[in-house]
């Protein structure tokens, strides 16, 4: 099958991803309308608690997979590694619940949501195969189907039963069906009919362990402030914060979708020793981020409060002042998320470990002190401190590598 152009792949990936995560964002709004702020808090709790384990399920394979332009590891090896990571992630998540005093209802929601995240991790490895083959249109169609079915199944079951747990179960089943009958079938058309090399599998997973540690610590550093918000206060307060924060997901996804299709071209430029071409891609992404960031801040400042009140009602107005600061943290999260794969392409593993470790330490200390004292404001401040530290280190790593790069 003929590859799509880089520009076409950016369009397909951006449109599909924005649509899908827009649907996920809608679930966080509709849960408030259908079931109230307490269940919105429980839903946010499930997202927050499973976030790090979901990253573990991904095993940070995608960036390594699509930048493996030499074909060092087979597609079957990548697929098998994902199965192992998914099983381990779910088990660790279940064990982690034992150390938290959640209700049986919260347990059920969290575990079902973790299954949902494992299914998302499963489809991600198939999307990596399609991306390497230059067919991100297949990925777009998957996002569209899963997004529509997610909204219909999630909202339909909650409306019928009044139970969030059944809503999460329904969207998990609908997602599984699309992945099994569409994504798996389309991706396997590109996969050679051989078995995974278990020696290569072991080597791959050992290589990826440091990157997984970094990805998990990065995610934990972002999730910890919200975790402490629920611990120090309650799920209703977390529900208010999460409701204000949900529109920012669109900004984050929009920023990330611009960069994801460019990982393979960056790896190709590195392999071809094309420093000028590599730097050219980074400059274009930087300019796109500047424009997107300015637009996001201006729009959120002018329309943020009005939009939140229209969507969530007058009850959310006292917390609307948080919207612009949250958008700012979201933009920093996006910058962090885009610098991370650049470091992966450069194989700056030790530097990334420093980013992850310093990030989680700063987040833990800032969250324990600031969230307890300043509540929701403390969450924002803790995130700004943590992300600032991580981004400074990552920029240093990229500049250091670019400075050392001497073309042949």
| task | May I ask for the angle, rounded to the nearest 10°, between helix 323-345 and the longest principal axis of the chain, with both axes built from Cα atoms and the value confined to 0 to 90°? | result | 20
| query | Using r as the Cβ-Cβ distance of residue 268 and residue 8, and R0 as 25 Å, what FRET efficiency do you calculate, to the nearest 0.05? | reply | 0.90
| query | With the Cα gyration tensor of region 14-140 giving a ≥ b ≥ c as the square roots of its eigenvalues, does the rule (a/c under 1.5 for rounded; else a/b larger than b/c for prolate; else oblate) give rounded, prolate or oblate? | reply | oblate
| So how much slack lies between residue 19 and residue 197, counting 0.36 nm per residue of separation and subtracting their Cα-Cα distance, in nm? | 60.4 nm
| message | If packing is taken as the average number of other Cβ atoms within 10 Å across a peptide's residues, how do 50-62, 145-157, 290-302 rank, most packed first? | response | 50-62, 145-157, 290-302
| Sum of -39500 (n - 2.57) over DSSP H runs of 4+, divided by residues of the chain (222 nm, nearest 500) | -28000 deg cm²/dmol
| Given labels modelled 7 Å from the Cα in the Cβ direction, how far is it in nm from residue 92 to residue 350? | 2.4
| remark: Here, residue 276 and residue 317, labelled 7 Å along Cα→Cβ, have an inter-label distance in nm of 5.9
| query | Arranged from highest to lowest average of other beta-carbon atoms within 10 Å per residue, in what order do the peptides 329-338, 103-112 appear? | reply | 329-338, 103-112
| So what's the angle, to the nearest 10 degrees on a 0 to 90 scale, between helix 349-366 and the longest Cα principal axis of the chain? | 10
| Length gained when the stretch residue 310-residue 103 is fully extended (0.36 nm per residue, less Cα-Cα span) | 71.3 nm
| query | Taking Cα atoms, how many degrees apart are the long axis of helix 198-232 and the longest axis of the chain, rounded to 10 and kept between 0 and 90? | reply | 20
| field | Additional length obtainable on full extension of the chain from residue 361 to residue 185, 0.36 nm per residue less Cα span | value | 59.1 nm
| For region 110-180 and region 324-353, what is the separation of their C-alpha centers, rounded to whole Å? | 26
| query | Say a paramagnetic label sat at a point 7 Å from the Cα of residue 392, along Cα to Cβ; which residues of region 309-332 have their backbone N under 17 Å from it? | reply | 332
| query | Ordered by packing density, taken as the mean number of other Cβ atoms within 10 Å over each peptide's residues, highest first, how do 398-404, 221-227 rank? | reply | 221-227, 398-404
| task | Would you please give the FRET efficiency between residue 400 and residue 29, computed as 1/(1 + (r/R0)^6) with r the Cβ-Cβ distance and R0 = 60 Å, to the nearest 0.05? | result | 0.90
| query | Quick one: if you stick a label point 7 Å off each Cα along the C-beta vector at residue 161 and residue 303, how many nm between them? | reply | 3.6
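Since every read-out is calculated from the coordinates, none of them should be taken as a lab result. These numbers come from a predicted model, not from an experiment. We place every Cβ from the backbone using ideal geometry, glycine too, and count neighbours over all the protein chains shown.
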